[in-house]
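To keep things clear, I will list the structure first and then write my remarks on it.
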Amino acid sequence: MPRGNPAAGPLKPNADGDAGGRRGPQLAALPGAGAACEIEQNFLGQQPDPYTAAPPKTITAYYGQLAGRRPVS
Amino acid sequence: MTPEQIAVHTAQRCACDVIVDAFCGVGGNAIQFARTCARVIAIDIDPEKVRMARHNAGVYGVAHKIDFLVGDFLALAPTLRADAVFLAPPWGGPSYGKAAVFDLRTMMRPDGVLVFEAARRISPNIAYCVPRNTDLAQVRPMPAPPCRGAIPRLDR
């Protein structure tokens with residue numbers, strides 16, 4: 001079976017050969033890696049009411065490279 | 001259970017090679033991840049939920065893309081490698097909504113911060129579904145312990 005999600009882009013081999021060469025460089029080698037954070041409040045298609053400040057239906061926090069990432073359909 | 005349109009959206013944002021759904025329940029999120037990721041590792045401590053998740057994945061025709069594990073995520077985490085981790089741990093039942101502010105550390109079992117730290121050791125790329133009354137200031141500064149995992153190339 002083909003591996004990987006074509007829409008997500010290829011994964012490059014790891015320099016130290018970890019996990020069959022599928023992975024990227026070690027975190028420690030990347031300054032600030034994983035620090036990014038995005039909090040997404042989903043109102044399920046409804047705009048938040050400015051008067052009642054109705055709460056969102058769900059909150060999902062995205063970290064690392066998922067922060068700021070756009071959906072891939 | 002996550003509304004389907006939310007699960008679809010989250011899966012589209014988390015598209016990658018291997019993703020861990022750490023608390024899969026009956027599989028609502030894992031099924032959508034199977035449509036955007038090459039492989040899904042779906043974990044739940046309740047064997048009955050895993051049985052139902054496997055059944056549901058079969059209904060959606062994606063069971064062959066999901067590895068179901070019955071177990072405690074905190075115990076399994078050190079053995080896992082993945083490109084991203086999705087966290088939707090139990091919030092302690094419907095009563096979570098009664099609190100003015102939900103505290104991830106004290107108001108859920110397992111401890112929501114410990115769960116996050118366990119996930120960080122698998123991958124720095126985490127999607128964490130939290131109660132809507134969570135103190136957002138608590139979510140933002142999650143601690144970042146040394147990660148022995150690797151950074152997948154998710155960027156396009």
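Taking all Cα pairs closer than 8 Å and separated by 6 or more residues, the relative contact order of chain B comes to 20 percent.
What ranking of B:VAL62, B:VAL101 emerges when the number of other C-beta atoms within 10 Å of each C-beta is taken as an exposure proxy, fewest first?
Ordered from fewest to most neighbouring Cβ atoms within 10 Å, B:VAL62, B:VAL101 come out as B:VAL101, B:VAL62.
Put the Cα centre of the stretch B:5-70 next to the Cα centre of the stretch B:81-140 and the gap is 18 Å.
Neighbour counting of Cβ atoms within 10 Å sorts the residues A:THR60, B:THR36, fewest neighbours leading, into B:THR36, A:THR60.
If a spin label sat at a point 7 angstrom from the Cα of A:PHE43 along the line to its beta carbon, the backbone N atoms of the stretch A:58-73 nearer than 15 Å would be those of A:58-59. Model label sites at B:ARG132 and B:GLN5, defined 7 Å from Cα along the beta-carbon direction, differ in position by 1.3 nm. Figure legend: label point modelled 7 angstrom from the Cα of A:LYS57 along Cα→Cβ; residues of the stretch B:1-40 with amide N under 15 Å from it are B:1-11, B:29.
What FRET efficiency do you get for A:ARG70 and B:SER95 if R0 is 45 Å and r is their Cβ-Cβ distance, rounded to the nearest 0.05?
Here the calculated transfer efficiency is 0.80.
Model label points for B:HIS64 and B:VAL113, set 7 angstrom from Cα along the Cα-to-Cβ axis, are 4.5 nm apart.
Taking the beta-carbon count within 10 Å as an exposure proxy, list B:ARG120, B:ARG35 from fewest neighbours to most.
Details: B:ARG120 25, B:ARG35 18.
Listing B:ARG120, B:ARG35 from fewest to most nearby Cβ atoms yields B:ARG35, B:ARG120.
Note on chain B: Rg/Rh from C-alpha atoms, Kirkwood Rh, equals 0.94.
FYI, it's all coordinate maths here, none of it is from the lab. Since this is a predicted model, take the numbers as computed values, not measurements. A quick note on method: Cβ atoms are made from the backbone with ideal geometry, for glycine too, and the neighbour counts reach across all protein chains shown.
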